[in-house]
1. Divide by every residue of the chain the summed helix terms, -39500 (n - 2.57) for each DSSP H run of at least 4, and state the resulting mean residue ellipticity at 222 nm, rounded to the nearest 500 deg cm²/dmol.
2. Taking only C-alpha pairs under 8 Å that are 6+ residues apart, what is the relative contact order of segment 1-130 in percent?
3. Measure of size requested: the Rg and Dmax of the chain, with Cα atoms as the atom set and Å as the unit; please supply both.
4. Taking springs between alpha-carbon atoms closer than 10 angstrom, which of Gln50, Gln241, Gln172 fluctuates most in the Gaussian network model of the chain?
5. Would you calculate the separation in nanometres between label points at Tyr119 and Lys78, each defined as 7 Å from the Cα along the Cα-to-beta-carbon direction?
6. Can you sort Thr88, Thr251 from fewest to most other Cβ atoms within 10 Å of each residue's own Cβ?
7. Given the pairs Lys121/Lys246; Lys121/Lys234; Lys123/Lys211, which span a C-alpha to C-alpha distance of over 20 angstrom in this model?
8. Compute the angle between helix 176-187 and the longest alpha-carbon principal axis of the chain, please, reported from 0 to 90 degrees and rounded to the nearest 10.
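Values quoted throughout were computed directly from the atomic coordinates according to the rules given, and no laboratory measurement underlies them. Just so we're clear, the structure is a prediction, and the values are computed from it rather than from any experiment. Don't worry about glycine lacking a Cβ; one is built from the backbone with ideal geometry, like all the others, and counts go over all protein chains shown.
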Amino acid sequence: MTRVLVTGGSGGLGYELVPRLVAAGYTTRIMSRCASKLDAQSSPLLEWVQADMAAGAGLDNAVHDVDVIVNAATSSVKNERAVDVDGTRRLLELSSRANVSHFLHVSITGIDQIPTFPYYKLKLEAEEVLKQGNMPYSILRASMFHSLIDLFLQMFARVPLVLLMPSDFQVQPMDTGEAADAIVRQIAAAPAGMLPDITGPQVLNAGEAAKLWQQARRMRRPIIRLPLPFDWAKGFRQGRQVSQNKVGKITWADWLQRTYGAPNHAQLTQKVTP
């Protein structure tokens, strides 16, 4: 029976991916920095291992007797390199020793088009680690998930009275569950190197996304554009990270309706200040 290790298994993508893997019949090992949350009611196909990508603790146990690894670990700002680059390299080396047959790495669309953005630079380095290694691998780039845009908007909303944000950035939000479906399909296939991107069905500017979000949450704040004078910001304004391979079907409005009970025919009524 195929055993799949999911790094970041207790995170947002892992939350959607793990039950899909179990439903497909895979023995699924959740890797997390947290202690096990499994109990007697959990599926016999579920395993939990506590390990830390940044420090390396527990990774030997995590990769033991594993056939496929889905690297979906995320990082905080303070340890981005330690997780995304150094952690990926360490995990890859251990996977090679453990004879893992497929290392599926989840990345982000357009990172090579906006390489001056610091986080994207690290994500590119992580991809290069795989390309230079000797492990059979696949790299699957996905566009930003709905839940992450929601999180960013909540952060912008901490400023009172207005939404001060880069409202002219282009976004192509994707449903986490649809991304998880794509990963499950790829696990059933052979390692294929760089895979076609997976993205959401529509491109919005961030201001449009914020209008719909405010309507869903019964908020009415003026949206004030935050000018960012960086080269990478120009890339986001121009939509360089946008991909034409629109795999997802669930729109931002659909996700808002499911999450907040918003009407999917919501009209854009709030004022945007250029």
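1. -10000 deg cm²/dmol
2. Numbers: 227 pairs, mean separation 29.5, N = 130.
Here the relative contact order equals 23 percent.
3. 19.3, 57
4. Gln50
5. My value for the distance between the label points is 1.7 nm.
6. On the way: Thr88 25, Thr251 18.
In increasing order of surrounding Cβ atoms, one gets Thr251, Thr88.
7. From the list (Lys121/Lys246; Lys121/Lys234; Lys123/Lys211), the Cα-Cα distance tops 20 Å for Lys121/Lys246; Lys123/Lys211.
8. On a 0 to 90 degree scale, this one is about 30.
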